[in-house]
Amino acid sequence: MSPSVLFNFNDAKDAFTASTRSALDNKTSKPLINAFNQITGNETEKKTTLDQALRQVLEEQIVSCYLALIYLSIDGVTEGLCSATTPFLLLGDVLDCLPLDQCDKIFSFVEENVSTWKSVSTSVCFCNFYLLRRLSKSQNTVFCGRIQLFLARLFPLSEKSGLNLQSQFNLDNITVFNKNEQESTLGQRLLNYINPLHSFSKEDGMEVEEGEMGDEEPGVPAPCSIPIDYNLYRKFWTLQDYFRNPVQCYDKFSWMTFLKYSDETLAVFKSFKLDDMQASKRKLEELRTAGGEHVYFAKFLTSEKLMDLQLSDSNFRRHILLQYLILFQYLKGQVKFKSSSCVLNDDQCSWMEETTKLVYQLLREIPPDGDKFATMVEHVLNTEENWNSWKNEGCPSFVKDRDELTRLWNLNHDNMAACQSESREFMPSLEEFFEEAIEQADPANMVEDEYKVVRNSNYGWRALRLLSRRSPHFFQPTNQQFKSLADYLESMVIKLAKELPDLPSEEIKTGEEDDEDNGDTLLKESNDSPSMQTKVVSNQQMDEIAAKLGAQWKTLASQLEIKAAEIREIETDSEDVDMQAKLLLVAWQDREGTQATVESLITALNNAGFPKIADILNET
């Protein structure tokens with residue numbers, strides 16, 4: 001007889017319910033594991049039954065131990081005892097049954113376990129979507145924002161379900177304002193007649209006590225008085241409909257209306273500057289300090305009686321100006337799903353370009369920290385351009401193919417050996433690098449000096465780096481005086497042309513050979529001189545001393561007054577200690593010139609504690 005026939009749902013549910021209560025009391029999942037193993041039946045039947053038992057226990061004890069039960073269900077999923085969606089079903093039941101203030105606390109638990117929910121992200125997203133429907137966007141704004149941020153962390157960046165791929169607008173976000181001028185005027189007169197001491201009614205959500213707005217405090221400048229009439233009020237709030245649905249701007253007649261209203265609104269912003277010491281701003285700062293948090297509203301308050309204060313508020317102005325920049329970015333941007341008829345003409349583009357400059361100027365003039373805010377906004381909008389380009393390309397994944405990395409790691413079992421492979425040698429040979437320079441040095445090619453590659457500063461820097469690694473001429477001392485790096489490189493090119501094979505060098509004749517011979521003769525005579533006070537250290541002597549110094553060359557560096565930056569450069573140029581010692585002596589000789597005598601080097605060696613090495617110079 002098959003196990004499914006022997007399975008009894010009611011008995012199994014009772015057993016799982018009892019084991020669930022025991023697991024909650026003992027704070028361990030072992031009772032569930034034991035019950036799961038003892039009950040007969042196939043795995044699917046037992047998982048389904050345990051899911052029901054968990055939900056039943058949750059219903060009984062939802063107030064006292066819902067978090068513990070959810071944790072228990074997560075352990076059950078880990079052990080393979082219940083369905084993977086069970087924790088999310090329990091979470092959904094809890095969020096549906098409890099009031100919103102307790103849901104706020106439960107959501108903190110959800111936020112702390114992001115890694116757990118990522119494995120089955122779809123289910124937990126449904127729970128959060130249901131919770132979002134219960135919340136008011138105007139009264140529970142912070143809670144809604146927390147849920148949206150959580151969903152953004154839960155989904156991968158390339159998840160298309162969370163993207164507005166078709167650039168759709170929230171057309172339901174309608175800004176309601178008074179569109180009847182007669183009602184507006186009559187209502188204001190009636191309000192002033194009934195209660196002249198109150199500027200605003202309680203229905204507008206803002207009551208001003210006697211003397212608060214009428215009597216100015218001594219020593220405090222009054223807010224700028226902006227002449228507000230119904231026409232400005234109507235045109236100002238009409239612009240919100242264009243910000244809500246930017247596609248209207250592609251219509252000729254709608255664009256003319258938008259252009260006219262925008263010019264008048266921005267003219268008001270430009271004419272009436274905000275003072276950083278306004279009384280209204282000081283009042284707002286006092287409220288922020290007393291409340292401890294920044295107070296904001298999810299929707300605009302469109303009462304005519306508030307408009308004067310709104311236009312005097314820096315945050316409100318920034319909000320409106322930022323809407324302009326976002327609108328312009330959409331109108332000028334390349335959007336994949338934008339209709340082919342949505343095209344701007346040259347006059348529209350020119351107006352938007354000038355207005356964009358004006359908006360940024362107005363943002364910089366708004367206190368406090370106007371320059372900082374404008375710079376930040378510009379940076380964010382530039383980043384948004386990259387985001388739009390990514391969406392236009394079909395949202396390609398940011399995760400690179402790991403197979404290529406696996407192939408690279410498996411090229412060689414020894415990573416250091418792979419780095420030292422001949423295929424990793426990117427430094428050019430002397431023949432390859434100086435071939436063009438040698439050809440240009442040939443008088444037969446008639447290349448003018450200003451066009452030679454040795455005159456290029458980038459080429460010169462790379463040439464010096466290559467010569468220090470590949471050419472012995474770089475470290476040979478000479479009495480020749482060079483006016484520039486190009487002159488030095490030209491002399492090196494002539495030397496290399498004589499030595500390198502398969503390069504035309506026989507016809508390269510300049511007057512520098514005689515200078516070089518004279519320099520060598522002078523050096524030879526200097527070496528034959530019996531006076532050690534004027535005798536310059538030879539290249540052979542430096543090789544011998546460098547070989548003796550080896551890894552101890554830094555001790556001598558302090559006596560030769562070599563700077564720390566030069567020591568670091570020497571260590572960078574070569575890893576061989578003998579070469580580092582040679583570079584040290586060359587650096588000292590280049591700095592001292594004719595003063596780099598045998599006697600001064602002997603003194604430095606003795607002071608550094610190398611008398612035996614100094615004897616080498618005494619013997620030669």
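The values are calculated or read from the model by the stated rules, or taken from the named source; none is laboratory data. Note that the structure is predicted; figures quoted are calculated from it, not measured. Neighbour counts run over all protein chains shown; Cβ positions are idealised from the backbone, glycine included. The protein model used for the area step is the full one, side chains on, heavy atoms only, and it has no ligands, DNA or RNA in it. Shrake-Rupley method; radii C 1.70, N 1.55, O 1.52, S 1.80 Å.
Looking for something in contact with a Cys (Cβ under 9 Å, 6 or more places away or on another chain), open to solvent by less than 20 Å² (accessible area, probe 1.4 Å), farther than 29 Å from GLN334 by Cα and at pLDDT 85 or above - is there at least one such residue anywhere in the range 140-153?
yes
Quick one: in the range 328-347, which of the residues that are of a type in the set (D, E, K, R) and in contact (Cβ under 8 Å) with a residue 24 or more places away in the chain is surrounded by the fewest Cβ atoms within 10 Å (Cβ to Cβ)?
If we take residues in the range 328-347 being of a type in the set (D, E, K, R) and in contact (Cβ under 8 Å) with a residue 24 or more places away in the chain, then LYS336 is surrounded by the fewest Cβ atoms within 10 Å (Cβ to Cβ).
Taking PRO368 and the conditions (1) of a type outside the set (Ser, Thr, Tyr); (2) over 25 Å from the mean Cα position of the chain (by Cα); (3) closer than 26 Å to GLU393 by Cα; (4) exposed (fewer than 12 other Cβ atoms within 10 Å of the Cβ), which numbered condition does it fall short on, given that it satisfies the others?
Among (1) of a type outside the set (Ser, Thr, Tyr); (2) over 25 Å from the mean Cα position of the chain (by Cα); (3) closer than 26 Å to GLU393 by Cα; (4) exposed (fewer than 12 other Cβ atoms within 10 Å of the Cβ), PRO368 violates only (3).
Out of curiosity, is ILE570 free of Cβ contacts under 8 Å to residues at least 24 places away in the same chain, surrounded by 13 or more Cβ atoms within 10 Å (Cβ to Cβ) and under 17 Å from PHE475 (Cα atoms)?
Yes, satisfied.
Got a number for residues in the range 106-121 being of a type outside the set (A, V, I, L, M, F, W, C) and at pLDDT below 80?
Residues that pass the stated criteria total 6.
Every residue, every condition in (1) surrounded by fewer than 19 Cβ atoms within 10 Å (Cβ to Cβ); (2) assigned to a loop (DSSP other than H, G, I, E, B); (3) among the hydroxyl-bearing types (Ser, Thr, Tyr), yes or no:
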| site | (1), (2), (3) |
| --- | --- |
| PRO31 | no, no, no |
| PHE36 | no, no, no |
| THR44 | yes, no, yes |
| LEU69 | no, no, no |
| ALA84 | yes, yes, no |
| PRO87 | no, no, no |
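Looking at the range 356-415, which of its residues are more than 22 Å from HIS319 (Cα to Cα) and aliphatic (A, V, I, L, M)?
If the condition is that a residue be more than 22 Å from HIS319 (Cα to Cα) and aliphatic (A, V, I, L, M), then VAL399, LEU405, LEU408, LEU411 are the ones that fit.
List every residue pair whose Cβ atoms sit under 8 Å apart, with the two residues 6 or more apart in sequence or on different chains, where the first one lies in the range 140-167 and is touching a residue at least 60 places away in the same chain (Cβ under 8 Å) and of a type in the set (A, V, I, L, M) and the second, anywhere, is open to solvent by less than 60 Å² (accessible area, probe 1.4 Å) and assigned to a loop (DSSP other than H, G, I, E, B).
Pairs that qualify, where the first residue is touching a residue at least 60 places away in the same chain (Cβ under 8 Å) and of a type in the set (A, V, I, L, M) and the partner is open to solvent by less than 60 Å² (accessible area, probe 1.4 Å) and assigned to a loop (DSSP other than H, G, I, E, B), are LEU163/CYS395; LEU165/CYS395.
Condition check: part of a helix (DSSP H, G or I), under 26 Å from ARG470 (Cβ atoms) and of a type in the set (A, V, I, L, M, F, W, C). Does ALA546 satisfy that?
It is true that ALA546 is part of a helix (DSSP H, G or I), under 26 Å from ARG470 (Cβ atoms) and of a type in the set (A, V, I, L, M, F, W, C).
In the range 371-398, which residue that is surrounded by 15 or more Cβ atoms within 10 Å (Cβ to Cβ) and among the aromatic types (Phe, Trp, Tyr) is nearest to the chain's Cα centre (by Cα)?
Ranking the qualifying residues of the range 371-398, first place goes to TRP390.
Quick grid of which residues meet (1) over 19 Å from LYS563 (Cα atoms); (2) touching a residue at least 40 places away in the same chain (Cβ under 8 Å); (3) loosely packed, with under 14 Cβ neighbours inside 10 Å:
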{"site": "VAL577", "(1), (2), (3)": "no, no, no"}
{"site": "LYS582", "(1), (2), (3)": "no, yes, no"}
{"site": "ALA587", "(1), (2), (3)": "no, no, no"}
{"site": "THR594", "(1), (2), (3)": "yes, yes, yes"}
{"site": "ALA604", "(1), (2), (3)": "no, yes, no"}
{"site": "ALA614", "(1), (2), (3)": "yes, no, no"}
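Any residue at all in the range 438-454 that's assigned to a helix (DSSP H, G or I) and in contact with a Lys or Arg (Cβ under 6 Å, 6 or more places away or on another chain)?
So far as the range 438-454 goes, yes, one or more of its residues are assigned to a helix (DSSP H, G or I) and in contact with a Lys or Arg (Cβ under 6 Å, 6 or more places away or on another chain).
Restricting the first residue to the range 99-127 and requiring it to be within 19 Å of SER83 (Cβ to Cβ), which pairs with a second residue that is at pLDDT below 60 and surrounded by 14 or more Cβ atoms within 10 Å (Cβ to Cβ) meet a Cβ separation below 7 Å and a spacing of at least six or different chains?
Note: pairs meeting the criteria are TRP117/VAL124.
If ALA418 satisfies all but one of (1) surrounded by 13 or more Cβ atoms within 10 Å (Cβ to Cβ); (2) at pLDDT 85 or above; (3) not aromatic (Phe, Trp, Tyr), what's the number of the condition it fails?
Of (1) surrounded by 13 or more Cβ atoms within 10 Å (Cβ to Cβ); (2) at pLDDT 85 or above; (3) not aromatic (Phe, Trp, Tyr), only one is false for ALA418: (2).
Search the range 428-440 for residues that are free of Cβ contacts under 8 Å to residues at least 40 places away in the same chain and pair each with any residue that is part of a helix (DSSP H, G or I) when their beta-carbon atoms are under 6 Å apart and the residues are at least 6 apart or on different chains.
PHE433/LEU466; GLU436/VAL453
Identify, please: which residue in the range 348-359 is of a type outside the set (A, V, I, L, M, F, W, C) and open to solvent by less than 30 Å² (accessible area, probe 1.4 Å) and is, among those, farthest from the chain's Cα centre (by Cα)?
Among those that are of a type outside the set (A, V, I, L, M, F, W, C) and open to solvent by less than 30 Å² (accessible area, probe 1.4 Å), it is GLN348.
Which residues, counting only those in the range 9-43, are more than 16 Å from LEU69 (Cβ to Cβ), among the small types (Gly, Ala, Ser) and modelled with pLDDT of 85 or more?
Correct list: ALA12, ALA15.
Select from the range 319-352 the residues that are touching a Lys or Arg at 6+ places or on another chain (Cβ under 8 Å) and over 29 Å from PHE300 (Cα atoms) and list them in ascending order.
Pass one, the range 319-352, residues touching a Lys or Arg at 6+ places or on another chain (Cβ under 8 Å): 336, 344, 349, 352.
Within the range 319-352, LYS336, LEU344, CYS349 qualify.
Say whether the condition of being β-branched (Val, Ile, Thr) and touching a Cys at 6+ places or on another chain (Cβ under 9 Å) is met by at least one residue in the range 51-61.
yes
Among the numbered conditions (1) within 41 Å of the chain's Cα centre (by Cα); (2) modelled with pLDDT of 85 or more; (3) not small (Gly, Ala, Ser), tell me where LEU50 comes up short.
All conditions pass for LEU50, except number (1).
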